[in-house]
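Structure first, commentary second.
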Ligand SMILES: Cc1cc2nc3c(=O)[nH]c(=O)nc-3n(C[C@H](O)[C@H](O)[C@H](O)COP(=O)(O)OP(=O)(O)OC[C@H]3O[C@@H](n4cnc5c(N)ncnc54)[C@H](O)[C@@H]3O)c2cc1C
C-alpha cells in the first residue's frame, strides 16, 4: 500500500464561501464524495474546477490504477457524456487514447436481419470507447491539479454521521472529514446508501459478463457489434488499433468453468462466438468477470446526502449506459451545487436535493426498464419470441425516423423533457 495522498484544505483553513462548517475535523470541505470511481471522480473534477471544495475518499490504491490488470473494462461513452468530460478538462488528458464509434451493428443470433447505424446518419461519431483504467488515471491527474480538491486514497469510510448543519465521516486510518453534503458515489454496495437506510430493489439475471481484450487481423473500422445469443449479448467493441474489448455474457453457473479453461480451449470457445469477420482473433491480457444484476435505490437523497452512479442505479451493460447515466447524475448535481455556491446557498439544502432527485430518478428508472426489457427479450430462444424480435429488428431497420430516435437516445442527444444540463451540452458551469 502506498502512502495515502493528502492534499488540499487542512484543519484551520478558511471554510468556503457557502458558510462555515461547524465542528472540528482533520479535513473540511463543502462536499464530501465517498467513492472516487468514474462517477464520483468526475463529479469531484466538475465541482473543484469551479472552486467548490471537495474531499474525495476512495478505497482503491492510486498506484493499482496504473496496472494493465486493473478493471479490464472499456466504456462506450455517449456523445453527450464525451462533451461533459471535455468541458471539465478530462478528455484531453486521455491523450487521444479513445476510439470513435462509427458504426453499430445489432445482430440477433444467426438471423440475417440486423440493425445497422452508420456515422453518416449520426453526422459524426456516435460515441467513443475508452479504457476505464485510462479514464481513472485522467481523473487522478486532474484532481491533482485542482487546488479545491483533496483526494484521500487509499482510504475507506468507516463511519458517517449527519446532523442538521453538516456531515462527519471517519476513515479507516482514523482521520475525520467534515462537510455540508455527502455524496455516495461508492458503487453498488454503497455504504453511504446503507447508512441512511435507503433500500434497493434488485433483480438477478443469472448472467455474468466475461470481459477481455482481443487483437485481430483486420481493422474494425470503428464498428461496434452486439450479437444477441441465447445466453446473453456478446459485444465486440472497437478499441484503438486492431483491438476490441469483448463483453461476453454467459449463464453465471458456466462462467467459472470458462474462465479456468486452458488457452487453447478458451480460444476455441472465443472463435465460435466471435466469427471470422475480422480475420484471426486472439486474447491479449487477463480475463475478468462481472456478475450482472439490476439494482435501483428507493430514494436518491436524505438529509445532507445524495446518491449518484451505481450507488443509485446499477444496470445491465446490454446498452452500455451504466456510466453514461451516472455522468448524467453528475451533470445535474454539479450544476446545482455550483450555482448554490455562487449564490452563497447551502449545498445540502433539502430543496436542492429534492430537485436533483426529481430530475434524475425518473430518467434512470426508464433506462433501467429499457435495459431490463432488452435482456429479457433477447436472452432466450423461445421460438415465437425469437421470431417476433427478429421481425421487430427488421422493422426498426426499415423505419428511418424510429431508428434515428433510438440512435439519438443512445448518444444522449435526444431532446425530450427538460433541457439537458449545461455540461451535457458542452457548456461550462
Ligand atoms: C461488463 C460491464 C461493462 C460495462 N460497460 C459500460 C459501457 O460501455 N458504458 C457505460 O456507460 N457503462 C458501462 N458499464 C457500467 C459502468 O461500468 C458502471 O455504471 C460504472 O463503473 C459505475 O461507476 P461508479 O463510479 O458509480 O461506481 P464504481 O465504479 O463501483 O466505483 C465506486 C468507487 O467507490 C469506492 N468505494 C466503495 N466503497 C467505499 C468506501 N466505503 N470508502 C471509500 N471508497 C469506497 C470503490 O473503491 C470505487 O472506486 C459496464 C458495466 C459492466 C459490469
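Of all residues being buried (at least 24 other Cβ atoms within 10 Å of the Cβ) and assigned to a helix (DSSP H, G or I) in region 177-194, which is nearest to the ligand (Cβ to nearest atom)? Just the residue, please. By that ranking, first place goes to 192.
The condition of being part of a loop (DSSP other than H, G, I, E, B) and more than 30 Å from residue 29 (Cα to Cα) holds for only one of 261, 246, 212, that being 261. Against the criterion of being within 16 Å of the ligand (Cβ to nearest atom) and modelled with pLDDT under 95, residue 222 does not qualify. Specify the residue that is farthest from the ligand (Cβ to nearest atom); the eligible residues are those in region 137-165 that are in a strand (DSSP E or B) and out of contact with any strand residue (DSSP E or B) (no Cβ under 6 Å at 6 or more places or on another chain). Only one residue tops the list, namely 163.
Of the strands (runs of 3 or more DSSP E) lying entirely inside region 38-112, not one carries at least 3 residues that are modelled with pLDDT of 95 or more, within 15 Å of the ligand (Cβ to nearest atom) and at positive phi. Restricting attention to region 145-168, the residues that are crowded, with 16+ Cβ neighbours inside 10 Å and out of contact with any helix residue (DSSP H, G or I) (no Cβ under 9 Å at 6 or more places or on another chain) total 5.
In region 170-187, the residues that are without any contact (Cβ under 8 Å) to a residue 40 or more places away in the chain form Cβ pairs under 9 Å with partners that are more than 12 Å from the ligand (Cβ to nearest atom) and not in a loop (DSSP other than H, G, I, E, B), at six or more places apart or across chains, as follows: 170/161; 170/176. Within region 258-265, can one find any residue that is surrounded by 14 or more Cβ atoms within 10 Å (Cβ to Cβ) and either within 12 Å of the ligand (Cβ to nearest atom) or modelled with pLDDT under 95 (or both)? The answer is no, given that none of the residues of region 258-265 is surrounded by 14 or more Cβ atoms within 10 Å (Cβ to Cβ) and either within 12 Å of the ligand (Cβ to nearest atom) or modelled with pLDDT under 95 (or both). Filter region 195-209 down to the residues that are in a strand (DSSP E or B) and within 30 Å of residue 33 (Cα to Cα), then identify the one that is farthest from the ligand (Cβ to nearest atom). Here the answer is 201. Might you check whether a residue that is buried (at least 24 other Cβ atoms within 10 Å of the Cβ), at pLDDT 95 or above, in contact with a strand residue (DSSP E or B) (Cβ under 9 Å, 6 or more places away or on another chain) and part of a strand (DSSP E or B) occurs anywhere in region 12-29? Yes: region 12-29 contains one or more residues that are buried (at least 24 other Cβ atoms within 10 Å of the Cβ), at pLDDT 95 or above, in contact with a strand residue (DSSP E or B) (Cβ under 9 Å, 6 or more places away or on another chain) and part of a strand (DSSP E or B). Of the listed requirements (1) in a strand (DSSP E or B); (2) surrounded by 17 or more Cβ atoms within 10 Å (Cβ to Cβ); (3) over 20 Å from the mean Cα position of the chain (by Cα), residue 295 misses just one: (3). Might you check whether a residue that is within 16 Å of the ligand (Cβ to nearest atom), touching a strand residue (DSSP E or B) at 6+ places or on another chain (Cβ under 7 Å), under 16 Å from residue 358 (Cα atoms) and touching a residue at least 40 places away in the same chain (Cβ under 8 Å) occurs anywhere in region 285-294? No, region 285-294 has no match at all. Taken over region 312-324, the residue count meeting the criterion of being in contact with a helix residue (DSSP H, G or I) (Cβ under 7 Å, 6 or more places away or on another chain) and near the ligand (Cβ under 6 Å from one of its atoms) is 4. When residues in region 124-136 are screened for being within 13 Å of the ligand (Cβ to nearest atom) and assigned to a helix (DSSP H, G or I), 4 of them pass.
Results for (1) part of a helix (DSSP H, G or I); (2) away from the ligand (no atom under 16 Å from the Cβ), shown as yes or no for each residue.
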residue	(1), (2)
306	no, no
326	yes, no
331	yes, no
334	yes, no
337	yes, yes
340	yes, yes
345	no, yes
348	no, yes
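The values are calculated or read from the model by the stated rules, or taken from the named source; none is laboratory data. Values in this document were obtained by computation on a predicted structure and should not be read as measured data. Cβ sites come from the backbone with ideal geometry, for glycine too, and all protein chains shown count toward neighbours.
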